[in-house]
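S.K.: Below is one structure. I have some questions about it.
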Amino acid sequence: MPVSTTHAPREQLLLTRETPVQRRQVRTAWLFLTPMLLCLALVAVWPLLRTFWFSLTDANLADTSEGSFVGLSNYLFHNGSNWSGILVDPQWWNAVRNTLHFTVVSVGLEVVLGLLVALLLNIKFTGRALVRALILIPWAIPTIVSAKIWSWMLNDQFGIINHLMLSVGLIDAPLAWTADADLSMWAVIIVDVWKTVPFVTLLMLAALQMLPSDCYDAARVDGIHPLKVFWRVTLPLLMPALLVAAIFRILDSLRVFDVIYVLTSNSSSTMSMSVYARQHLVEFQDVGYGSAASTLLFLVVAVIAMLYLYLGRRQMEVRS
Amino acid sequence: MSLRLLKKTLLRLGFWCLIGVLLLYAVFPFYYAIVTSLKPSGALFQVSYWVESPDFSNYAAVLHQASFLRAIGNSLVVALCVVTLALFLSVTAAYALGRVKFRGRGTVLMMVLGVSMFPQVAVLSGLFEVIRALGLYNTSWALILSYTIFTLPFTVWVLTTFMGQLPHELEEAAIMDGASPWVTLTRVLLPLLWPALITTGLLAFIAAWNEFLFALTFTLTDTQRTVPVAIALISGGSPHELPWGLLMAASVLVTVPLVILVLIFQRRIVSGLTAGALKG
Amino acid sequence: MIKLKLDNVNKQLGGMQILRDVNLEIAAGEFVVFIGPSGCGKSTLLRLIAGLDSICAGNLLIDGQRVNDLEPRERGVGMVFQSYALYPHMSVYDNISFGLKLAKTEKSTLRERVLKTAQILQLDKLLQRKPKELSGGQRQRVAMGRAMAREPDILLFDEPLSNLDASLRVQMRNEIARLHARLSSTMIYVTHDQVEAMTLADKIVVLNGGHIEQIGSPRELYERPASRFVAGFLGSPKMNFLAARLHTPGETSLVDTPVLGMTSLPFDSSHLAAGTLLSLGVRPEHVSLKAAGGAVGIVVAGVEYLGSETYVHLETGQEEPLICRCEVSAGWQAGDRVELQLDIDNLHLFDNDGTVLERHPQAIETRPNEVSLRSDRAPAL
């Protein structure tokens, strides 16, 4: 019975009342959260704010407190005759291009391959558990190690990849995978795809196992072609999980550092935004300029992360 | 042979070929690293697919390098400390986020998720300053502290998911028994959560063990380096002549424990990864 | 002695009124059952008493003391949960003793109490087992033991038997009744099962839509329901309701029903206007049938044979068929034509809101004690 309409004013007062248990629980909740929040504030929030601040100064790594405020001149500065700053630095835009190139190609490949492998491993066969465990190996290997292993395999003179391709007749002369400007990005992508396909596969497998089986039974009874079932049933149902996996990977790829640093070091044909920022920060000791680059990278990631959170919220709302 | 049987056989054959290719793709690089590491330096530049006579000189050389052993020690200390710290901080946080309804819960969760998406390089300069101000530069503590930026959000998120799955009545029963939230957490919920703790701890351990950027930036001397940095910095006489055998031996040494862990805890790892990603 | 008193208790949650002006007194040692359809607020009411949910307005008194702001452990209550909620990692002994340990009970006392509780519940041989090694009934007993161990004055049960299968439920029901007799503590028991309510309760509280419909002993509720809701809720098969219209209000009412025709009934309707819609309730066991001669009378639509009795369904032109509980030996069959006889002492008349009309005392003497229906009227409707 809708009593609420008649007792409206009294209710407002009443809603705030909680039991002692609840009151204590809420107090404890904040108490329990405090150490974690303090820790994150110390290692994430505060440093991030400092980075923003540094990007507006000409601070130097040797003594970060020495820097003085220079406004936005790390980003863009007009000294009367010409422009300077990151936003007109061709190296920066090269890094942006490289990062985007890397992100689009590697995430695209990872999602497609991950989905295919997941579909393959979703079929029941003897030894499936073992295969599933084995494909996790690339994921467990430290990025540095996998980069080293692959750079050995991709070695221009003694690498097994060139050896194989030569003996099969795919190429006539050894390829300089990591040194050749045209190939080095592909080398990076090959390594990254190899390392992260297992992760995407896992997510896809988990999502596949959550699909309602009665849909498939119905489709089988109706005699619908398996390919059609895949396009019409599986893929749409997998879409949310696919999207989540893709965004996770995109966020990871945008901040890529280790693979590129180890495989091709500071070569400009593969330099990513992170590599660029760190080079300025640490090697050139130019904290102001490096922080400006970091800030820009952060903004790009933040926009995409926001998009993800927004989509995630929407998805949750749709589900409930 | 009937057409249908032929088709079925071919399909099955194709399927197992695919599985074979997949396994080859996944496992071969690591296998090749092992093969390379077991070759004497003279045979290194002859491509071969298996080991004819294993030669352990590379391993002997690696294990005789004090700095490499030191790096393994550092990595272990850092990773174990990070796991302990992250689990301790996140268990209480996960109780608050997973079991208590309070205003601001959603905001905290979003913030935690947000931090997990930070590009590490974005906090590099600020964190560098913090670490220097605390006098931690070039110590393991610098890494332990800084690694919480990526381990903590992850452990909080996953443990919150697991914590939220425990039955509500269990906690109410504890309240009726007169348990405080701390007692409820430590004596009722935590004992039920240890599988999740192992999973999350393992994933955090792997992440900390593999980290490179902070380790490269916040440590300076051989005595403080962790394994990934030590491996990245192994160099030969000239930049173009890396001691590949040695490098592969070192790589295998630091990876084998991880691979074994992953093979043993495969199921748990999968549940942890998917809890972190999909249920969000 | 009043053990527990609810004084105008209200509860809202998310803009919804869950409980409205609940007033209730429970005497020490009483066995009280809260019953009602799902969503009626019975579990919430129990949780308010336990201290797991907050009271928005009103007072909760235990032993005359206001306990709204006390924590569960300070209220002297123990609770048995629907899913038992045993601590899976603890042995039976630890499950039972957990609350005592937290209350810093002295070791020897603790042991003594656990053993005593275990003995009452026949758990002595299972003390070292983990919950997963126990059967459903044993788990149920451990849950009760845990609630009892601290010797609370009030034991709360939240649908404790709903997870058990039918035969075990009967057995546990008896055990709870015996436990109550032995412990003589106050027990409050929530269920949606009316058999549990009728067999266990000293006092039943029927809840509907967040308010109390009626409080009374099982017999009072069954024989003198205060509202059409209570009348329909208790009893199986449920009470038959016949639509009726008040023709002439008064201390005894002249009522027109399609099935019975114009009838004078001993109910006081002087506060109502002529023409008011009423409903006439009669339980299936208070309808008796007589064979009607020839082509007149009501047609038997169907017969349900239950072994000890039969339910005869009659087509009366009402929304639902009229059900009559008969002896098997009567041998009614579908298609038979019958005449109805209703026991006037056991008729109930409800007004439009579902409130029962008071029975007029003198009227009972002056009226014939049976109203019978002239069977040829029914088919016309």
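S.K.: Please list, ordered by chain and number, the residues whose modelled amide H lies under 5 Å from the amide H of A:TYR75; skip anything fewer than 5 residues away on the same chain.
M.R.: A:ILE86
S.K.: Distance from a point 7 Å along Cα→Cβ of C:ASN59 to each backbone N in region C:1-31: keep the residues under 12 Å and list them by number.
M.R.: Under cut-off, by backbone N: C:5-9.
S.K.: Further, regarding this structure: Which residue, C:ALA226, C:ASN163, C:VAL195, has the largest displacement toward the positive end of the dipole of region C:155-247 when charges sit on each Cβ (Lys, Arg +1; Asp, Glu -1)?
M.R.: C:ALA226
S.K.: May I ask you to derive the FRET efficiency for C:LYS125 and C:GLU71 from their Cβ-Cβ distance with R0 = 51 Å, giving the value to the nearest 0.05?
M.R.: 0.90
S.K.: Calculate how steeply helix C:136-149 sits against the longest principal axis of the alpha-carbon atoms of chain C, using the helix alpha-carbon long axis, and give the answer as 0 to 90 degrees to the nearest 10.
M.R.: It works out to around 60 degrees.
S.K.: What are the principal axis extents of the Cα atoms in region B:65-277, in Å, biggest first?
M.R.: 71, 40, 26
S.K.: Can you return the lysines within cross-link range of A:LYS195? Criterion is Cα-Cα under 22 Å, with same-chain partners fewer than 8 residues away left out.
M.R.: The reachable lysines, counting only those whose Cα sits under 22 Å from A:LYS195, are A:LYS148.
S.K.: Checking understanding here: applying a Kyte-Doolittle mean of at least -0.5 and a length along the axis of at least 20 Å (C-alpha), which whole DSSP H helices in chain A pass? Intermediate values should be presented prior to the final figure.
M.R.: Numbers: long enough: A:20-40 (30 Å, 0.50); A:90-121 (45 Å, 1.19); A:181-210 (44 Å, 1.49); A:235-254 (27 Å, 1.89); A:287-319 (46 Å, 1.04).
Result, helices passing both filters: A:20-40, A:90-121, A:181-210, A:235-254, A:287-319.
S.K.: Taking Cα atoms, how many degrees apart are the long axis of helix B:190-210 and the longest axis of chain B, rounded to 10 and kept between 0 and 90?
M.R.: For helix B:190-210, the angle is close to 40 degrees.
S.K.: Continuing with the same structure: Any idea what the dipole of region A:91-255 comes to, in debye rounded to 20, about its Cα centre with Lys/Arg Cβ at +1 and Asp/Glu Cβ at -1?
M.R.: For region A:91-255, the charge dipole is close to 420 debye.
S.K.: Kirkwood hydrodynamic radius of the protein assembly as shown from all distinct Cα pairs, in Å?
M.R.: It works out to 34.6 Å.
S.K.: Give a quick list of trypsin sites (Lys or Arg not before Pro) in region A:113-200 that DSSP marks as loop, anything other than H, G, I, E or B, with at most 11 other Cβ atoms within 10 Å.
M.R.: In loop regions of region A:113-200 (DSSP not H, G, I, E or B), the sparsely surrounded trypsin sites (Lys or Arg not before Pro) are A:LYS124.
S.K.: Between A:LEU243 and B:VAL21, how high is the FRET efficiency from 1/(1 + (r/R0)^6) when r is the Cβ-Cβ distance and R₀ = 41 Å? Nearest 0.05.
M.R.: 0.90
S.K.: Another question about this same structure. Let me know the longest stretch in chain A that avoids all chymotrypsin sites (Phe, Trp or Tyr not before Pro) found in a DSSP loop with at most 14 other C-beta atoms within 10 Å.
M.R.: A:126-283
S.K.: Follow-up. Projecting each Cα onto the charge dipole of the protein assembly as shown (Lys/Arg +1, Asp/Glu -1 at the beta carbon, about the Cα centre), which of A:LEU166, C:VAL114, C:LEU349 comes out farthest on the positive side?
M.R.: So the residue we want is A:LEU166.
S.K.: Taking θ as phi - 60°, what are the ³J(HN,Hα) couplings along region C:45-50 by the Karplus curve (6.51, -1.76, 1.60), each to the nearest whole Hz, with x for Gly and Pro?
M.R.: Taking θ as phi minus 60°, the curve returns 4, 5, 5, 5, 5, 5 Hz for region C:45-50.
S.K.: Further, regarding this structure: Once you have the Kirkwood Rh of region B:172-219 from its Cα pairs, apply Stokes-Einstein at 37 °C and 0.692 mPa s and quote D in µm²/s.
M.R.: 247 µm²/s
S.K.: Binning every alpha carbon pair distance of region A:91-255 at 5 Å from zero, what are the percents per bin?
M.R.: 1, 8, 14, 16, 15, 15, 11, 9, 6, 3, 1, 0
S.K.: Then there is this: When the gyration tensor of region C:13-118 is built from Cα positions, what are the square roots of 5 times its three eigenvalues, in whole Å, from largest to smallest?
M.R.: On the way: eigenvalues 179, 57, 37 Å².
So the equivalent ellipsoid measures 30, 17, 14 Å along its semi-axes.
S.K.: Here is a follow-up. Taking N as the number of residues in region C:2-229, what value does Rg over Cα atoms divided by 2.2 N^0.38 Å take?
M.R.: 1.01
S.K.: Starting from the exponent 0.38 and prefactor 2.2 Å, build the expected Rg for region B:62-178 from its residue count and divide its actual Cα Rg by it.
M.R.: This ratio for region B:62-178 stands at 1.37.
S.K.: A further question follows. Step through the residues of region B:66-75 one at a time and calculate ³J(HN,Hα) from phi using the Karplus curve (6.51 cos²θ - 1.76 cosθ + 1.60, θ = phi - 60°), rounding each to whole Hz and writing x for Gly and Pro.
M.R.: Along region B:66-75, the couplings run 4, 5, 5, 4, 4, 5, 4, x, 4, 4 Hz.
S.K.: Something else about it: Starting from the Cα coordinates of region B:168-280, work out the convex hull volume and express it per residue in Å³.
M.R.: Numbers: hull volume 19.1 nm³, N = 113.
That works out to 169 Å³ per residue.
S.K.: Per q in 0.07, 0.09, 0.15 1/Å, what log10 I(q)/I(0) does a Debye calculation on the alpha-carbon atoms of chain A return?
M.R.: Reported log10 I(q)/I(0), two decimals: -0.46, -0.72, -1.27.
S.K.: Okay, moving on. Provide, for region C:2-229, the number of lysine pairs with alpha carbons under 20 Å apart, each pair being eight or more places apart or on different chains.
M.R.: For region C:2-229, the number of qualifying lysine pairs is 12.
S.K.: For region B:102-167, which trypsin sites (Lys or Arg not before Pro) pass both filters: DSSP loop (anything but H, G, I, E, B) and at most 10 other C-beta atoms within 10 Å?
M.R.: Qualifying residues, ordered by number: B:ARG103.
S.K.: While we're on this one: Taking amide H positions as placed 1.01 Å from N in the peptide plane, with prolines and chain starts having none, which residues 5 or more places from C:LEU349, or on another chain, fall under 5 Å of its amide H?
M.R.: C:GLY281, C:LEU357
S.K.: Positive end of the dipole of the protein assembly as shown, charges at C-beta (+1 Lys, Arg; -1 Asp, Glu), about the Cα centre: which of A:LEU307, A:ILE190, C:LEU13 has its Cα farthest in that direction?
M.R.: So the residue we want is A:ILE190.
S.K.: Largest first and to the nearest Å, give the Cα extent of region C:237-380 along each principal axis.
M.R.: Principal-axis extents of region C:237-380 (Cα, largest first): 44, 31, 29 Å.
S.K.: If you don't mind, another one. Taking only Cα atoms, what is the 0 to 90° angle, nearest 10, from helix C:166-183's long axis to the longest principal axis of chain C?
M.R.: 70 degrees
S.K.: Something else: Return the Rg/Rh value of region A:170-313, two decimal places, where both radii are evaluated on C-alpha atoms and Rh is the Kirkwood radius.
M.R.: 1.13
S.K.: Over region B:3-55, what per residue volume does the convex hull of the Cα atoms give, in whole Å³?
M.R.: 87 Å³
S.K.: Just tell me which lysines come within less than 25 Å, Cα to Cα, of A:LYS228; anything on the same chain fewer than 8 places away is out.
M.R.: A:LYS124, B:LYS7, B:LYS8
S.K.: For chain C, just the Cα set please: Rg and Dmax, both in angstrom.
M.R.: 25.2, 83
S.K.: Can you tell me the dipole magnitude for region A:52-141 around its Cα centre, using point charges on the Cβ only (Lys, Arg +1; Asp, Glu -1), in Debye to the nearest 20? Mind showing how you got there, number by number?
M.R.: Numbers: 4 positive and 5 negative charges, 173 e Å.
Computed about the Cα centre, the dipole is about 840 debye.
S.K.: Return the inverse of the average 1/r over all pairs of distinct C-alpha atoms in region C:127-210, which is the Kirkwood hydrodynamic radius, in Å to one decimal.
M.R.: Numbers: mean 1/r = 0.0724 Å⁻¹.
It is 13.8 Å.
S.K.: Could you tell me what % of all Cα pairs in region C:120-171 have separations over 17 Å?
M.R.: Percent of Cα pairs beyond 17 Å in region C:120-171: 40.
S.K.: Further question: Please report the equivalent ellipsoid semi-axes of region B:1-115, computed as sqrt(5 x eigenvalue) of the Cα gyration tensor, largest first, in whole Å.
M.R.: 45, 36, 10
S.K.: Counting other Cβ atoms within 10 Å, which trypsin sites (Lys or Arg not before Pro) in region C:1-52 have at most 13 and lie in a DSSP loop?
M.R.: none
S.K.: Magnitude of the Cβ-charge dipole of chain A, K/R +1 and D/E -1, about the Cα centre, nearest 20 debye?
M.R.: Its charge dipole is roughly 1520 debye.
S.K.: For region C:18-23, what does the Karplus curve 6.51 cos²θ - 1.76 cosθ + 1.60, with θ = phi - 60°, yield as ³J(HN,Hα) per residue in whole Hz, taken in order and with x for Gly and Pro?
M.R.: 8, 10, 10, 6, 7, 10
S.K.: Report the antiparallel proportion of the DSSP beta bridges in region C:2-229 as a percent, rounded to a multiple of 5.
M.R.: Within region C:2-229, antiparallel bridges account for around 55 percent of the total.
S.K.: Can you give the longest stretch of chain B with no exposed loop site, where a site means chymotrypsin sites (Phe, Trp or Tyr not before Pro) in a DSSP loop (not H, G, I, E or B) with at most 13 other C-beta atoms within 10 Å?
M.R.: For chymotrypsin sites (Phe, Trp or Tyr not before Pro) (loop position, at most 13 other Cβ atoms within 10 Å), the longest site-free span of chain B is B:57-280.
S.K.: Something else: Pull up all non-local amide H partners of C:HIS247: gap of 5 or more, or a different chain, and H-to-H distance under 5 Å with H placed in the peptide plane.
M.R.: For C:HIS247, the qualifying residues are C:LEU254, C:VAL255, C:ASP256, C:GLY275.
S.K.: Could you work out the pair-distance distribution P(r) of region A:138-225 from its alpha-carbon pairs, with 5 angstrom bin width and percents rounded to whole numbers?
M.R.: Binned Cα distances yield the sequence 3, 12, 15, 15, 12, 9, 7, 7, 7, 8, 4, 0.
S.K.: So for chain B, averaging the separation of alpha carbon pairs under 8 Å that are six or more residues apart and normalising by length, what relative contact order in percent results?
M.R.: Details: 266 pairs, mean separation 84.4, N = 280.
With pairs under 8 Å counted, the relative contact order is 30 percent.
A short reminder: the numbers here are calculations on the coordinates, not readings from a lab. If you're wondering where the values come from, they're calculated on a predicted model, not measured in any experiment. A quick note on method: Cβ atoms are made from the backbone with ideal geometry, for glycine too, and the neighbour counts reach across all protein chains shown.
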